[in-house]
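Notes follow the structure.
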Amino acid sequence: MITVFGEGRGFRVVWLLEEMGLPYRLRPVDLLVGVENDPVFLAINPAGFIPALQDGDVTLVESIAIMEYLMARHGPTPLAPEPRDPAFAAYQQFLHLGEAGLAASMYFVVVSRNLAPEAERRNWGARKALEVFESRLGLVTRQLASSPYLAGEAFTAADISVTYALEFAQRAGGYSLGGVEQAYVARTTGRDAYRRAMDVCQATKAWAEAAKAAAR
Ligand SMILES: N[C@@H](CCC(=O)N[C@@H](CS)C(=O)NCC(=O)O)C(=O)O
C-alpha cells in the first residue's frame, strides 16, 4: 500500500495518485503541533519535513521526486511524456520549475512574512525570493500564451507541480495572479482528480476555504 505522509506539497502527490487511479492512504502530519511529537513520522523522514512517501520497502521525500518515482514505478502514464515526445523538454522544465523556481521561492516569502520575528520580516532574502518567483512566473506566462498546458496540448504532471505553486502563492502569499494564470488554474483545478484530492486532503481544503473567505 502506498502511504503519503503529510499534506502541504503532499497535495501534489495525492492529486497525481488520483489522476493515476492508484490506491493509497494519506497519513496526516501536523507541523503546527510539532513533528518532535510524531515519532512514527520522524522514523520515515528524520529531517521532519513533508511530504514523504512509503511504498512497500521504498521511502522517499521531495514532492517532485516522489511524483517522478510514482509515474516511473507505477506507470506508464500520459502525465509523463516519453523522452522522445516533443513535449518532453517543456514537461521536464516546468515539472521542476514548479518547485525549485516557484514554490520554494514563495515558501521563503511566506515564512519570512508570517513566522520570522517582527524585526526580521522585511529582509533582503525574502525580497530576492519574491523576485525569483516572479521571474520564473514570467516563463509560465510566456508558455501559456502558446498552449493550454505547460507541456503543450495535454495536461501533465508539470501542471500539477506548477498549479500547486500558483495556488500556494495566492493562498499563503496573497499573490495576485494575472488573467492568463488565473484561467490556467481554473482549467487545471476543474479536473475530477483535483476535486477528489481536495476531498482527501481535508487540511488543504480548510486552508483553501479560509484563504478564499479572507480574500472576499
Ligand atoms: N522541496 C520540498 C519542500 C518540502 C517543504 O518545505 N515542506 C514544508 C511544508 S509544505 C515543510 O515541511 N516545512 C517544514 C520544514 O521544512 O521544516 C518538496 O517539494 O517536497
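Here are the numbers for this structure:
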item: Förster-model FRET efficiency, 30 Å R0, residue 30 and residue 153, C-beta, rounded to 0.05; result: 0.15
item: Fewest-first ranking of 142, 84, 191, using other Cβ atoms within 10 Å as the exposure measure; result: 84, 142, 191
item: GNM top mover of 145, 158, 52 - the chain, alpha-carbon springs below 10 Å; result: 145
item: Full-extension gain in nm, residue 3 to residue 123, via 0.36 nm per residue minus C-alpha separation; result: 39.4 nm
item: Of 62, 120, 131, the one that fluctuates the most in a GNM where the chain has Cα springs shorter than 10 Å; result: 120
item: Three principal axis lengths of the chain [C-alpha, angstrom, descending]; result: 51, 42, 30
item: Residue 89 versus residue 176: modelled label distance in nm, points set 7 Å from Cα along the beta carbon direction; result: 3.6 nm
item: Footprinting exposure proxy for 85, 159, 57, 199 (fewest neighbouring C-beta atoms within 10 Å first); result: 57, 199, 85, 159
item: Net charge, residue 189 excluded, C-beta distance under 9 Å - Lys, Arg +1, Asp, Glu -1; result: +2
item: Fewest-first sequence of 204, 59 by Cβ atoms within 10 Å of each Cβ; result: 59, 204
item: Under the span-like rule (Cα at least 24 Å along the axis, Kyte-Doolittle mean at least -0.5), DSSP H helices of the chain; result: 124-144
item: Segment 34-51 and segment 79-120: distance between their alpha carbon centers, rounded to Å; result: 23 Å
item: MRE, 222 nm, helices only [DSSP H, n ≥ 4, -39500 (n - 2.57), over the chain, to nearest 500]; result: -17000 deg cm²/dmol
item: Residue with peak Gaussian network fluctuation, the chain [Cα springs, cutoff 10 Å], from 25, 127, 73; result: 73
item: Span per principal axis, largest first, for the Cα atoms of segment 1-93 (Å); result: 47, 25, 20
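Each value in this text was obtained by applying a stated rule to the coordinates, not by laboratory testing. A quick note: this is a predicted structure, and the numbers were derived from the prediction, not measured. Here Cβ is always computed from backbone atoms with ideal geometry, including for glycine, and neighbour counts include all displayed protein chains.
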